[in-house]
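Notes to accompany the following structure.
Every number in this text was worked out from the coordinates using simple rules, so none of it is lab data. Given the structure is predicted, the values throughout are model-derived calculations rather than measurements. Cβ placement follows ideal geometry from the backbone for every residue including glycine, while neighbour counts extend to all protein chains displayed.
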Amino acid sequence: MTTKEFIEKKLIPELEDIVCRHKYFSFALIAAGIEFLGKCLDNVNDWNEKGLSETHFNYAIDILFNKNFKKANKKYNFYKELRCGFAHSFRPMELILLTNKKEAKEHKNYHLKEENGRVYIVIEDFYEDFKKACEKIISKDNINKMDEFFLNTPEDDYDNKNIELMNNFSETLGASSMPKINK
């Protein structure tokens, strides 16, 4: 499965399903997804390159997200307050308030509303922001990683295209210890 196929067939639809059923956990997944989009944009071929998490996260927001989201990120440091909060303690840090559309409406809040030095993130709107970012990166023509092999998922068929992509990926990494896959 290529990176583009992963975004189209897995990331967008499966994350939407999770947002509908598991709102709280969706915040963590979207935060990780933002970092992933930043990795898609860079020229580093190693998906596991260390020390670039913050760079990737903020680069994705700068390139792919709308101006209101960018502005809120600059003021509230979503990398630290949201992504790192969830990655290290499974909750946001103190400047982020999490909610959903129903609760926000009841309490007269909205996505990216600022109140007392904190900002609300409404999960359904956060997902829509993320989905638009995914669609934007898919539509870009000059991103090399979009058409490269990304991963196999359990339901992937090992058709000729996937076998060729996996073998090319192994050769790119210089992974001589990885056996060639034959159909």
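Quick check: from the Cα gyration tensor, does the range 35-134 come out rounded (a/c under 1.5), prolate or oblate? Because a/c hits 1.5 or more and a/b exceeds b/c, the range 35-134 counts as prolate. Available extension along the chain between residue 93 and residue 25 is 23.0 nm, counting 0.36 nm per residue and deducting the alpha carbon span. Here residue 108 is the anchor, and the aspartates and glutamates within straight C-alpha reach of less than 18 Å, apart from those fewer than 8 places off in the same chain, are 124, 125.
The calculated FRET efficiency for the pair residue 142 and residue 8, based on their C-beta separation and a Förster distance of 22 Å, comes to about 0.75. For the range 37-51, list residues with backbone N below 20 Å from a point placed 7 Å from the Cα of residue 16 toward its Cβ? Only 37 fall inside the zone, counting backbone N under 20 Å.
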